[in-house]
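Below is one structure, written out as structure tokens; the observations come after it.
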Amino acid sequence: MQTKSLYAAIDLGSNSFRLEIGQMDAGQLRRVEYIKETVRQGNGLDAERHLTEEAMTRGWECLARFGERIAGFRPSQVRAVATQTLREARNRDVFLSKAKRLLGFPIEVIAGKEEARLIYLGVSHLLPQSDERRLVVDIGGRSTEMILGQREKANTLESYRVGSVAWSMKFFPDGLWTPACFKSAEIAAKAVLDEAQILFNRNHWDKCYGSSGTVGAVADVLTASGWPEGLITREGLAWLKDRLLKAQKPDNLRLEGVKEDRKPVIGGGLAVLQAVFDLLHIDEMQAAQGALRHGALYDLIDRESTQDVRSSMVDWLAQRFGTDKLQAERVSRTAQSLLQSLIPESASTSAQDRQRYLQKLHWACQLHETGMRISHSDYHKHGAYILDNTDLPGFTLDELHRLSQLVLGHRGKLRKLEIEMDDASFVQQLMALRLAVILCHARRDPDLSGLTIHCDALQRTARLTLRSDWAELWPQSAHLLREEKTAWQKTEWQFEVLTD
């Protein structure tokens, strides 16, 4: 089978890493291959929230195997997402640097709400079409996501730091299942999930679905023991808890449907699931087929069309903060024109990469004035803060931080930026944005005739050439460009302004 017709999603969860390969067939995603490996990376976070060497090694070895399987896929065919464990890990960059090399593709650490959005996207696509109001719950290793939605649209999304691995480690540290341990675990879970009573109360949904992880494991056990297929009820939870208490520890548990890799964390997951049932007054929950990895696949496919949710979210954020839309479009047109000259077509930069750089530059242009709603003084700093501290569906944490750095750096000194200046594509985007803001300072379309720009990324130099009468026609712009030359002198890059 040709790889060009395939898509792959990798879910780096706290308990398991999963690879799903699918193919679009008549508008539906058909599974080609599914691989799951129990990595238990969530167990490898120490008290200082550092991943141990052993936990990182388990992850690297798994991703090397995944990388071999998807070798030959194009970057546009693959999406790898990491969740709560890597959100928490202080040394995640150490793990990710090697992990990306072994996998052969980028790995995105996604925010909790983005994880929830992808979960709902995966679940809704694999459910029958219905107007029912849905509650979707996903109890993972270190986080629990809850979503309210209808059809394929998620309306309310939340992520809570409670999960099967974390709760098993914390409340069943000796691996013993006792009434006291279950009681403590359930009370603690309810404390974390307390806010969910308001956001996801019974009046807001018609039917409840559970996705992946703990829900799938519990449903499998109940089904294998004669309960209705895929259905979790209060009676079923009570029955399963009683079986765990009688077994006392994982090694003694003899239940059909419980996989060996799930036994050590089923106690913590069951306690969290019981807390969810109690808080939200759930009587029954249906196990769904869709999961995070399916949502990542559908989102990947959407990005190849005109449905990229990131563009919609940028529009929403710009409207929320009342940005000047005409000025944003003016700056974007100018910046993208400059960037296409700064990154000429070459063998080293693919057309796909160029398009991606242009798209992200456009988003930065749309958002560069978001901070003005807070204050005109240092508005670029306020805009960067907004981007670094918002959960914007569709974006990874790294993508949002890169956008925040473009917004932060679009004016003023350059030494404040956290991104290294040896990232040539970022520097070229930043240079295009700064020059566009200068040329559009009067909030009218600038005169770009007779203006050329060239960049040598290897030599870290850029040269802006103006026609001989340009400075006389636009003296204020010429003054600002001379100041821009001075600003770049304090970096590793050289920016020159010449007259033809």
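The values are calculated or read from the model by the stated rules, or taken from the named source; none is laboratory data. Predicted model only: the values in this text are computed from it and were never measured. Please note: Cβ atoms are built from the backbone with ideal geometry, for glycine as well, and neighbour counts cover all protein chains shown. Just so you know, the surface numbers come from the protein's heavy atoms only, side chains and all, with ligands and any DNA or RNA stripped out. Shrake-Rupley method; radii C 1.70, N 1.55, O 1.52, S 1.80 Å.
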Can you give the extra length, in nm with one decimal, that the chain gains between MET421 and ASP194 once fully stretched, where that is 0.36 nm per residue apart less the Cα-Cα distance? 77.3 nm
Suppose a student asked you for the relative contact order of region 120-264, using Cα pairs under 8 Å spaced at least 6 residues apart; what percent would you report? 24
Magnitude of the charge dipole, region 454-495, Cβ model with Lys/Arg +1 and Asp/Glu -1, debye to 20: 100
Relative contact order [Cα under 8 Å, 6+ residues apart], the chain, whole percent: 12
Give the average over all directions of the projected area of the C-alpha convex hull of region 405-500, one decimal, in nm². 5.8
Sticking with the crude label model, points 7 Å out along Cα→Cβ, report the distance from LEU176 to LEU448 in nm, one decimal please. 7.2
Taking the Cα centre of region 97-168 as origin and charging only Cβ (+1 Lys, Arg; -1 Asp, Glu), how large is the dipole, in debye to the nearest 20? 320
Would region 1-139 count as rounded, prolate or oblate if I go by the C-alpha gyration tensor, calling it rounded below 1.5 in a/c and otherwise prolate when a/b exceeds b/c, oblate otherwise? oblate
With labels modelled as points extended 7 Å from the Cα through the Cβ direction, what inter-label distance (nm, one decimal) is found for HIS441 paired with ARG151? 4.9
For region 47-202, whose charge dipole is built from +1 on Lys and Arg Cβ atoms and -1 on Asp and Glu Cβ atoms, the candidate among THR57, GLN84, LEU102 with its Cα farthest towards the positive end is LEU102
What FRET efficiency, computed as 1/(1 + (r/R0)^6) with R0 = 22 Å and r the Cβ-Cβ distance, is obtained for ASP131 and LEU231, rounded to the nearest 0.05? 0.50
Lys/Arg Cβ at +1, Asp/Glu Cβ at -1, dipole of region 341-496 taken about the Cα centre: which of LEU480, ALA436, LEU403 is farthest positive-ward? LEU480
Taking the Cβ of LEU103 as the centre, find all other residues whose Cβ is under 12 Å away and add up their charges (Lys, Arg: +1; Asp, Glu: -1). +3
Using 0.36 nm per residue, how much length does the chain from ASN252 to HIS401 gain when fully extended, once their Cα-Cα distance is taken away? 48.9 nm
Under the Karplus curve 6.51 cos²θ - 1.76 cosθ + 1.60, θ = phi - 60°, whole-Hz ³J(HN,Hα) for region 149-159, x wherever Gly or Pro sits: x, 9, 6, 9, 9, 8, 9, 10, 10, 8, 10
Output the antiparallel fraction of DSSP beta bridges having both residues in region 1-125, as a percent to the nearest 5. 70
Arranged from highest to lowest average of other beta-carbon atoms within 10 Å per residue, in what order do the peptides 398-407, 85-94, 271-280 appear? 271-280, 398-407, 85-94
For region 386-500, what relative contact order do you get, as a whole percent, if you take Cα pairs closer than 8 Å and at least 6 residues apart? 23
So how strong a dipole does the chain carry about its Cα centre when Lys and Arg Cβ are +1 and Asp and Glu Cβ are -1, to the nearest 20 debye? 240
Would you check region 314-455 for Lys pairs whose C-alpha atoms are within less than 20 Å, ignoring same-chain pairs closer than 8 in sequence, and give me the count? 5
As a test of the formula, what do you get for the chain when each DSSP H run with n ≥ 4 contributes -39,500 (n - 2.57) and the sum is divided by the residue count, at 222 nm and rounded to the nearest 500 deg cm²/dmol? -14500 deg cm²/dmol
At a 1.4 Å probe radius, which order do ILE198, ILE147 fall into by accessible area, largest first? ILE198, ILE147
The set of residues whose placed amide H lies less than 5 Å from the amide H of THR349, leaving out same-chain residues fewer than 5 positions away, is none
Filter the GluC sites (Glu not before Pro) in region 1-76 down to the DSSP loop ones having no more than 13 other Cβ atoms within 10 Å, then list what survives. GLU48
Looking only at lysines whose Cα falls under 29 Å of LYS190's and that sit 8 or more positions away or on another chain, we get LYS113, LYS153, LYS170, LYS207, LYS241, LYS246, LYS249, LYS259, LYS263
Taking a ≥ b ≥ c as the square roots of the Cα gyration tensor eigenvalues, with a/c under 1.5 meaning rounded and otherwise prolate when a/b beats b/c or oblate if not, the chain comes out prolate
Within the under-9-Å Cβ sphere about GLU33, not counting GLU33, Lys/Arg +1 and Asp/Glu -1 give a net charge of +1
